[in-house]
Amino acid sequence: MTPTEWCFVYPLMANGNVSSCLRERPESRPPLDWPIRKRIALGSARGLAYLHDHCDPKIIHRNVKAANIWLDEEFKAFVGDFGLAKLMDHKDTHVTTAVRGTIGHIAPEYLSTGKASEKTDVFGYGVMLLELITGQRAFDLARLANDDDVMLLDWVKGLLKEKKLETLVDADLQGNYIDEEVEQLIQVALLCTQVSPMERPKMSAVVRMLEGDGLAERWKEWQKDEMFRQEFNKTHNHNTDWIIADS
């Protein structure tokens, strides 16, 4: 070890990672039940909040996904695989770097500008939540959405609005979940995956929401903004169509 090297020491991750538990488990092994999935959501959020707020310099993970959330013998969640991580001074808002990560988990602003920040981790976390809820990879979820001719997040919004949770929730759970808790996790996922990084919550706020503090208020605000965006887009598209038709 040199003064510039960091070493992460973990306990034995007896249960592998979330991805393997969701999609690669042997038939003899039971699926992750709903209470465990909730604990994983909260535990991984706390881990990312620690990296962002309590490390100096702060650590931006840059590759948050189900495969990089590790599970110990009691299914306690640990953020793992820091191969793409970047260190960042707390006074800085972002670090510019070559775009790396996993397709489907990369925040749009990072993909377009190469600017990584804690809000890019928040986006990846939101996608990871959808993996945790559905049991499917982000790529496969996007393909399902495309079958209905909509973008992934719009598809999720529509199913949530129509209360079609059974379409979203992992079939391995066999209906053994609480609808209200699923809705709350989906709401957090949608808040985390907003297009604008400024509108996404910090991971510390995500932790509080998962602990029952502030989600209802934040979701109500999001719904108002979403209605405004939809009306604006409808009006904008209408005006554009009128101009084209008139010409």
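Within the group SER28, SER20, which residue is of a type in the set (S, T, N, Q), farther than 29 Å from MET88 by Cβ and in a loop (DSSP other than H, G, I, E, B)?
SER28
Here are some conditions: (1) out of contact with any Ser or Thr (no Cβ under 7 Å at 6 or more places or on another chain); (2) at pLDDT below 95; (3) surrounded by 11 or more Cβ atoms within 10 Å (Cβ to Cβ). LEU173 meets all but one. Which one does it not meet?
LEU173 satisfies all of (1) out of contact with any Ser or Thr (no Cβ under 7 Å at 6 or more places or on another chain); (2) at pLDDT below 95; (3) surrounded by 11 or more Cβ atoms within 10 Å (Cβ to Cβ) except (2).
Is it the case that the range 205-216 has a residue that's more than 23 Å from ASP53 (Cβ to Cβ) and either assigned to a helix (DSSP H, G or I) or touching a His at 6+ places or on another chain (Cβ under 7 Å) (or both)?
Within the range 205-216, one or more residues are more than 23 Å from ASP53 (Cβ to Cβ) and either assigned to a helix (DSSP H, G or I) or touching a His at 6+ places or on another chain (Cβ under 7 Å) (or both).
If you go through the range 72-90 one residue at a time, do you hit one that is surrounded by 19 or more Cβ atoms within 10 Å (Cβ to Cβ), without any contact (Cβ under 8 Å) to a residue 24 or more places away in the chain and not charged (D, E, K, R)?
No: zero hits.
For the range 37-56, check the following and say yes or no: at least one residue is more than 25 Å from ARG137 (Cβ to Cβ), charged (D, E, K, R) and without any contact (Cβ under 8 Å) to a residue 60 or more places away in the chain.
The answer is yes, given that some residue of the range 37-56 is more than 25 Å from ARG137 (Cβ to Cβ), charged (D, E, K, R) and without any contact (Cβ under 8 Å) to a residue 60 or more places away in the chain.
Please verify whether the range 109-124 includes one or more residues that are farther than 21 Å from ALA205 by Cα, of a type outside the set (A, V, I, L, M), in a loop (DSSP other than H, G, I, E, B) and at pLDDT 85 or above.
Checking the range 109-124: at least one residue is farther than 21 Å from ALA205 by Cα, of a type outside the set (A, V, I, L, M), in a loop (DSSP other than H, G, I, E, B) and at pLDDT 85 or above.
The values are calculated or read from the model by the stated rules, or taken from the named source; none is laboratory data. If you're wondering where the values come from, they're calculated on a predicted model, not measured in any experiment. So basically every Cβ, Gly included, is an ideal-geometry build from the backbone, and we count neighbours across all protein chains shown.
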